[in-house]
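Shown next, in structure tokens, is the structure this report addresses.
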Amino acid sequence: MRSRIMSALVATAAAGATATTLGLAAAGAANASVTTTARPATIGTPIGSTNSAGYEVSGRDYRYISSTITVPDTSFLTGLYPQEYIQLSNGSLTKVTGGGNAYTRAGIESCVVARSFGATCPTGTWVAYVENFNNSLNFPSFRHFFNLAGVNQGDGVNFSIYYNEVGNELSYVITPPSTSGTPQFYKTGAHGSIFDHAAALDDFTDSTGTPIALPPFIRSFRINQFLQGAITTENGARGSFTGPWTTSEVVATSNGLLPPSGTTRVSPSALWTDGLPANGAVRANDAFGVWAR
């Protein structure tokens, strides 16, 4: 079992890198503008969480985020996998349901999770989704599912979110591999949100609630990857997962406290460069993996 799991994981980088980027071109056109004078990137203090792992950026207002997200590349623990998404939010991921009041997401989840929110999908498959939430409404103001028919574990699906603040409108693009379907486009009202955080995360809230501790006979393994990361601020400054803002690692632990006070259960790898263009350029620090520890 474990040998098969690890063999599949090794193949993920190649599989994820084959994802098409049509959605980037479509959203990038709407996103084009003169880039403002850049500030140096800052690496912030890591953030502890009970349910999420990845990277979060802060210190600016944001209008665009995109990434190619790979479908979990093993059937081990199918149905227990987290939602994997990019996000713009008003407030940190740890405060969206408290200090913050809005978020918008686009990503991948298992059919087991999607069905609980009204999706119709075959057992054992994966679903792409977009979602906009405002606490004042007490439920998502917009949610749409797209079945990833023909998309295999380890394949990359590209997602982008663009916030047109002038038009108070959110635009989403889902781009599966060219062999598995055509790009899907969605729009909805933004309800006047100001997004001062952006993130790329694996989130266990709607699957197991918190990451399950690995049994002693299972070694650490990679759950999925985020490739071709690109972010744009409200004023047009562009970057990858790093840029003229503060980038913080998010770690899911046994109690939400960073080690040594808590035990790491899921955490991202160091940022690396995949060499693939996103939002008009190839940039450093545009990729990372998420690992069950």
Next on the checklist: So if I check each of Thr232, Thr247, which one is closer than 30 Å to Val166 by Cβ and in contact with a helix residue (DSSP H, G or I) (Cβ under 7 Å, 6 or more places away or on another chain)?
Outcome noted: Thr232
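Among the residues of segment 67-77, is there at least one that is modelled with pLDDT of 95 or more and under 16 Å from His197 (Cβ atoms)?
If we filter segment 67-77 for residues that are modelled with pLDDT of 95 or more, which is where we start, we get 67-70.
Remaining after also requiring under 16 Å from His197 (Cβ atoms): 67.
Looking for residues that are modelled with pLDDT of 95 or more and under 16 Å from His197 (Cβ atoms), one finds at least one in segment 67-77, hence yes.
Here's the yes/no breakdown for (1) surrounded by fewer than 23 Cβ atoms within 10 Å (Cβ to Cβ); (2) basic (Lys, Arg); (3) closer than 23 Å to Arg60 by Cβ; (4) in contact with an Asp or Glu (Cβ under 7 Å, 6 or more places away or on another chain):
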site: Thr123; (1), (2), (3), (4): yes, no, no, no
site: Gly154; (1), (2), (3), (4): yes, no, no, yes
site: Asn164; (1), (2), (3), (4): yes, no, yes, no
site: Ser178; (1), (2), (3), (4): yes, no, no, no
site: Pro183; (1), (2), (3), (4): yes, no, no, no
site: Ala200; (1), (2), (3), (4): no, no, yes, no
Next on the checklist: Here are the criteria: (1) buried (at least 23 other Cβ atoms within 10 Å of the Cβ); (2) in a loop (DSSP other than H, G, I, E, B); (3) of a type in the set (Val, Ile, Thr). Tell me which single one Thr205 does not satisfy.
Outcome noted: (1)
Checklist entry - If you check Ser180 against the conditions, is it in a strand (DSSP E or B) and small (Gly, Ala, Ser)? => result no
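Just to verify a result, which residue in segment 242-254, among those that are assigned to a loop (DSSP other than H, G, I, E, B) and modelled with pLDDT of 95 or more, is surrounded by the most Cβ atoms within 10 Å (Cβ to Cβ)? Break it down stepwise before answering.
Looking only at segment 242-254, we keep the residues that are assigned to a loop (DSSP other than H, G, I, E, B), and these are 242-245, 254.
Those left that are additionally modelled with pLDDT of 95 or more: 242-245.
Details: Thr242: 21, Gly243: 27, Pro244: 20, Trp245: 25.
Only one residue tops the list, namely Gly243.
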Next on the checklist: Quick check on segment 266-275: of everything there that is free of Cβ contacts under 8 Å to residues at least 60 places away in the same chain and within 18 Å of the chain's Cα centre (by Cα), which residue is farthest from Tyr55 (Cα to Cα)?
Outcome noted: Thr273
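Give the residue, chosen from Val157, Val166, that is out of contact with any Gly (no Cβ under 7 Å at 6 or more places or on another chain) and not in a loop (DSSP other than H, G, I, E, B).
Values: Val166 fails: not in a loop (DSSP other than H, G, I, E, B).
Being out of contact with any Gly (no Cβ under 7 Å at 6 or more places or on another chain) and not in a loop (DSSP other than H, G, I, E, B) holds for just one of Val157, Val166, which is Val157.
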Item to check | Flag for Leu88 being assigned to a strand (DSSP E or B) and either at pLDDT 65 or above or buried (at least 19 other Cβ atoms within 10 Å of the Cβ) (or both) | outcome: yes
Item to check | Pair list, Cβ under 9 Å, 6 or more apart: segment 143-155 residue closer than 10 Å to Gly181 by Cα, other residue acidic (Asp, Glu) and buried (at least 18 other Cβ atoms within 10 Å of the Cβ) | outcome: Leu148/Asp155
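Collect the residues in segment 208-241 that are aliphatic (A, V, I, L, M), surrounded by fewer than 22 Cβ atoms within 10 Å (Cβ to Cβ) and under 20 Å from Val290 (Cα atoms), keeping them in residue-number order. Before the answer, list the steps.
Initially, segment 208-241 is screened for residues aliphatic (A, V, I, L, M), giving 212-214, 218, 223, 227, 230-231, 237.
Still in the running and surrounded by fewer than 22 Cβ atoms within 10 Å (Cβ to Cβ): 212-214, 218, 237.
Those that are aliphatic (A, V, I, L, M), surrounded by fewer than 22 Cβ atoms within 10 Å (Cβ to Cβ) and under 20 Å from Val290 (Cα atoms): Ile212, Ala213, Leu214, Ile218.
Test Pro40 against the criterion of being part of a loop (DSSP other than H, G, I, E, B), modelled with pLDDT of 50 or more and either surrounded by fewer than 24 Cβ atoms within 10 Å (Cβ to Cβ) or out of contact with any strand residue (DSSP E or B) (no Cβ under 8 Å at 6 or more places or on another chain) (or both), and give yes or no. Spell out how you get there, then give the answer.
Values: part of a loop (DSSP other than H, G, I, E, B): yes; modelled with pLDDT of 50 or more: yes; either surrounded by fewer than 24 Cβ atoms within 10 Å (Cβ to Cβ) or out of contact with any strand residue (DSSP E or B) (no Cβ under 8 Å at 6 or more places or on another chain) (or both): yes.
Yes.
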Checklist entry - Consider Asn168 against the criteria (1) at pLDDT 90 or above; (2) within 23 Å of Thr68 (Cβ to Cβ): it satisfies all of them except one. Which criterion is unmet? => result (2)
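The values are calculated or read from the model by the stated rules, or taken from the named source; none is laboratory data. Since this is a predicted model, take the numbers as computed values, not measurements. Methodologically, a virtual Cβ is constructed for each residue, glycine included, from the backbone with ideal geometry; neighbour enumeration extends over all protein chains shown.
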